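Nothing in this text is a laboratory measurement; each read-out follows from the coordinates by a stated rule. Not measured: the values here are computed from a predicted model. Here the Cβ is made from the backbone with ideal geometry for all residues, glycine too, and neighbour counts use every protein chain on show.
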Amino acid sequence: MMSQMQDKLIGQAYFYELRQRWIDAVIVLLDFFDGKEETIRYDEDELWFDNDDEYDCFNTVAAEINEIAEKETELMNGRINEIRQQTETMGLTL
């Protein structure tokens, strides 16, 4: 029982760590775009960068956000499977 509780607390702490990383990355991204209307343009579905360093910075932050999203998806899928197993044990189905 204590082991399960500890696992749940670790999982919850991991979720909040991921969420904080996501918030931090979005703040970096918002700060990054601030005042760059002259060097970064949006054309339909694409961003255009006049500066390679800005392009690299954007890609780095976007990759961080995508990585966090993938990890959160894995975490949520794990929780869904856990709930599904618990309900099946009780004779219920989702």
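Which translational diffusion coefficient, to the nearest whole µm²/s, is obtained for the chain from the Stokes-Einstein equation, given a Kirkwood hydrodynamic radius over C-alpha pairs, 20 °C and 1.002 mPa s?
D = 131 µm²/s.
GNM, the chain, Cα, under 10 Å: largest mean-square fluctuation among Y16, Y55, Y42?
Checking each option, the largest mean-square fluctuation is seen for Y42.
Near D56, within a Cβ-to-Cβ distance under 15 Å, what is the net charge of the other residues, with Lys and Arg +1 and Asp and Glu -1?
-4
From Cα pairs below 8 angstrom and at least 6 apart in sequence, can you work out the relative contact order of segment 1-92, rounded to a whole percent?
32 percent
May I ask you to evaluate 6.51 cos²θ - 1.76 cosθ + 1.60, the Karplus curve with θ = phi - 60°, for each residue of segment 64-75 and list the ³J(HN,Hα) values in order in whole Hz, giving x for glycine and proline?
Once θ is set to phi - 60°, the couplings for segment 64-75 become 4, 4, 5, 4, 5, 4, 5, 5, 5, 5, 4, 4 Hz.
Angle check, please: helix 2-33 long axis (alpha carbons) against the longest principal axis of the chain (alpha carbons), in degrees 0 to 90, nearest 10.
Its long axis makes an angle of about 10 degrees.
Between D24 and M1, what FRET efficiency comes out of the Förster formula 1/(1 + (r/R0)^6) with R0 = 35 Å and r the beta carbon distance, rounded to 0.05?
With a Förster radius of 35 Å, E is 0.50.
Note down the magnitude of the dipole of segment 2-89 about its Cα centre, charges +1 on Lys and Arg C-beta and -1 on Asp and Glu C-beta and zero elsewhere, to the nearest 20 debye.
960 debye
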